[in-house]
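Comments concern the structure below.
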Amino acid sequence: MFLAYQPKPRSLERPLKLTLSITEGCNLRCRYCYSDCDSCPRADEMTTERLLGLVGELVDLGNTHLFIEGGEPLLRPDLFEVLSATCPFMMTWLRTNATLIDRHTARAIRDIGVGTVCVDVLGARPESHDLLTGCPGSFERSLEGIANLKSLDVPIIMLLILNRHNHLELQAYLDLAAKLGVNDVGILRLYPLGRAKRRWSELALSHKEMYAAIERLDEPKGMRVMRSWHPRDGNCCWQNAAVGARGDSIGCPYLREYVNYGNIHHMSFRATWDHPLYQRLRSDDVERACPDCAASQHSRGGCRATAYAFRGRWTAPDPFCPQMGEGVNLRELPERLLPTN
Amino acid sequence: MSYRNAYYRRIDGVRVTGVEGFGIGFVYTPRKPQLYSLNVTTLAILDLCDNTSFEELERRFMALAAAKVDSEETARQHLRSGLEQLQAAGIIELVTDAQVPDVGGVTDDNSMNGG
């Protein structure tokens, strides 16, 4: 590269990446479900017409990244109608538990142009996965779904949320991914949201336990492992957006219980981007930053969702990074987050 | 190989979006769903792939690059490399009149029949 450019403050006209939850219905009953999903979609979820209107707005804004999740998106009968509106214009990631992906559905996913399917596999063994999903047999069904996608060369990322029930089997998890022919794995942190919040003491790990789990990994050749701990703890509010299943613009799926920038039933998505708090969170205004994380992620202070959850200030440094943790005990939730019942 | 009336153009359906202030852009290729990020030089090259002739594209790129690089050859290397990468990614395609190499003379479809 030789043509120069002048970086400006982070004042994007629109988000680079948007996560769209299309349902809070799910056929599994995961112990840490952030959406507190039910077996049936909720009555006030966005209609097909509303979803297509939002997609049209995103296309008009020039967005090229769209991450569709739920709940379980495949429970929505109009999923493929929505995908037919997104895939020609935006790289579309579809997050699913894959239990409903038979060969026919896998072919439909490929043919409609989904870019990557992100499959939640919660552990390396049926015992841990099924314990976490609350559904015996779901491990085998998810793996069948992955096999159906793989047989058609659909790109897959396997996702695992690190917690007390799976932290000792991470290496086996990577080996399982390799055996399934999946070269991309995302190891995600646990957020104090939904059911995870209510089961925090059962699920949460200390800094020491988390870093012991991720630092001892021997990544199989050719595998890419995404993880968001030090030195890759990014503050991605500046580029991210998310819209919940009921149409609330929430900036990031992990901010769902803390912010609401407006509902797209009442305003355009673009108007929610201008919400004063949203602008503030995009401004890089943090009290302190880890230099290593800032250097690798080009952003400061780490994740705003966990910073706010544990410290109650939008400008606080993220305690998940030990450099910024200042002794915060991640196994204990602040009282204000504790469920009242 | 040089082509008579050869030109590069963006492949139908490819979507390009610049990221203001960052000097990068994203390109989405729906035919083979992939997302690419392009640096400012490759974005500039892509911008020039607008159905103009290769000679004109090269001339415009050299003018753009003149003050930024130490030699014309360096600029040409950047251009060649950028075009190759964009073509390999399925973002642009090389189009020629009848896809015929410019080796002089007139060639038409009948000549393929061996007379």
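Peptide B:26-32 is shielded by partner chain Cβ atoms: per residue, an average of 5 of them sit within 10 Å of its Cβ.
Across q = 0.18, 0.19 Å⁻¹, region B:1-91 modelled as identical point scatterers on its alpha-carbon atoms has Debye log10 I(q)/I(0) values of -0.83, -0.91, in the order of the q list. Per-residue mean of foreign Cβ neighbours for B:60-69 is 1 (Cβ atoms of other chains, 10 Å radius).
Residues whose amide H falls under 5 Å from that of A:Ile161, counting only those 5 or more places apart or on a different chain, are A:Leu188, with hydrogens built in the peptide plane. Given the C-alpha centroids of region A:102-161 and region B:37-87, what is the distance between them in whole angstrom? Measuring centre to centre over Cα atoms gives 43 Å. With semi-axes defined as the square roots of five times the eigenvalues of the C-alpha gyration tensor, the equivalent ellipsoid of region A:39-195 measures 27, 18, 15 Å, largest first. Taken residue by residue and averaged, Cβ atoms of other chains lying within 10 Å of the Cβ of B:17-24 number 6.
By the Cβ rule of 4.7 Å, the protein assembly as shown holds the following cysteines without a possible disulfide partner: A:Cys40, A:Cys87, A:Cys118, A:Cys135, A:Cys236, A:Cys237, A:Cys252, A:Cys303, A:Cys321, B:Cys49.
Let me have the 222 nm mean residue ellipticity of chain A computed from DSSP H runs of 4+ only, each contributing -39500 (n - 2.57), with the sum over all residues rounded to the nearest 500. Intermediate values should be presented prior to the final figure.
Numbers: 14 runs with 112 residues, N = 341.
That calculation yields -9000 deg cm²/dmol at 222 nm.
First check a/c for region A:151-196, with a ≥ b ≥ c the square roots of the eigenvalues of its C-alpha gyration tensor; if it is under 1.5, answer rounded, and if not, answer prolate when a/b is larger than b/c or oblate otherwise. Here region A:151-196 falls in the oblate category. Ordering A:Gly262, A:His298, A:Tyr278 by the projection of their Cα atoms onto the charge dipole of region A:252-341, which places +1 on the Cβ of Lys and Arg and -1 on the Cβ of Asp and Glu, puts A:Gly262 at the extreme positive end. With an a/c value under 1.5 for the gyration tensor axes a ≥ b ≥ c computed over the alpha-carbon atoms, chain A is described as rounded.
Taking a ≥ b ≥ c as the square roots of the eigenvalues of the Cα gyration tensor of region A:120-167, is the shape rounded (a/c under 1.5), prolate (a/b larger than b/c) or oblate? It would help to have the intermediate numbers written out before the result.
On the way: a/c = 3.32, a/b = 1.66, b/c = 2.00.
Judged from the Cα gyration tensor, region A:120-167 comes out oblate (a/c at least 1.5, b/c at or above a/b).
Readers should treat all values here as calculations from the given coordinates under stated rules, not as data from a laboratory. The model shown is predicted, which means the values in this text are computed figures rather than measured ones. Cβ coordinates were reconstructed from backbone atoms using ideal geometry, including for glycine residues, and neighbour counts include every protein chain displayed.
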